[in-house]
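Chemist: Have a look at this one.
The values are calculated or read from the model by the stated rules, or taken from the named source; none is laboratory data. Bear in mind that the values here come from a model prediction, so they are computed numbers and not experimental data. Virtual Cβ from ideal backbone geometry, glycine too; neighbours counted across all protein chains shown. Accessible surface is based on the protein model in full, side chains and every heavy atom, while ligands, DNA and RNA are left aside. Shrake-Rupley method; radii C 1.70, N 1.55, O 1.52, S 1.80 Å.
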Amino acid sequence: VQLQAYGGGLVQAGGSLRLSCATSRRTTSNNGMGWFRQAPGKEREFIATIDWRGTNTYYADSVKGRFTISRDNAKNTVYLQMNNLKPEDTAVYYCAAALSSSTSADETRYRYWGQGTQVTVSS
């Protein structure tokens, strides 16, 4: 069971990045998926979630309208498109596979976690 998040980097405020989470088919073919982030000195927080079919999504208020979660099950990949980035978006971003096939903002509902990818937004 493997999840690998990548695509992070350094970007100026107002810029965009797209994160990808490559997964093994066994991990994610019927799982809801989520993105979380953890800034220095802060607890990990929920960002976005998508159900196994990709038809239902849910976002944290802090990123709603700026971030978009999507998935391509044929490629076993989940994406997080991040637009209009702000310095407060600076964090390590993690992808995770849920216990169920539906969306969830509760990190205790996630079974598998990938290693994070660093996103740094400069002002």
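Chemist: With (1) at pLDDT 95 or above; (2) touching a strand residue (DSSP E or B) at 6+ places or on another chain (Cβ under 7 Å); (3) farther than 22 Å from GLY9 by Cα; (4) open to solvent by less than 40 Å² (accessible area, probe 1.4 Å) as the list, and ASP89 as the residue in question, which single condition is left unmet?
Modeler: (3)
Chemist: So is ASN76 crowded, with 22+ Cβ neighbours inside 10 Å and under 19 Å from ARG111 (Cβ atoms) or not?
Modeler: Here the answer is no, as ASN76 does not meet what is asked.
Chemist: Which condition number in (1) open to solvent by 80 Å² or more (accessible area, probe 1.4 Å); (2) not in a strand (DSSP E or B) is the one that TYR58 fails?
Modeler: (2)
Chemist: If you don't mind, another one. Looking at LEU10, is it of a type in the set (A, V, I, L, M, F, W, C), surrounded by fewer than 15 Cβ atoms within 10 Å (Cβ to Cβ), touching a residue at least 40 places away in the same chain (Cβ under 8 Å) and part of a strand (DSSP E or B)?
Modeler: Criteria met by LEU10.
Chemist: Continuing with this model, one more query. Show the residue pairs meeting these rules: Cβ distance below 6 Å; 6+ apart or different chains; first residue within region 96-118 and buried (at least 19 other Cβ atoms within 10 Å of the Cβ); second residue acidic (Asp, Glu).
Modeler: Matching pairs, first to second residue: THR103/ASP51.
Chemist: Does VAL63 meet the test of being at pLDDT 95 or above, buried (at least 16 other Cβ atoms within 10 Å of the Cβ) and assigned to a loop (DSSP other than H, G, I, E, B)?
Modeler: Yes, satisfied.
Chemist: Here are ALA22, ALA39: which of them is of a type in the set (A, V, I, L, M) and either farther than 21 Å from ARG111 by Cα or modelled with pLDDT of 95 or more (or both)?
Modeler: ALA39
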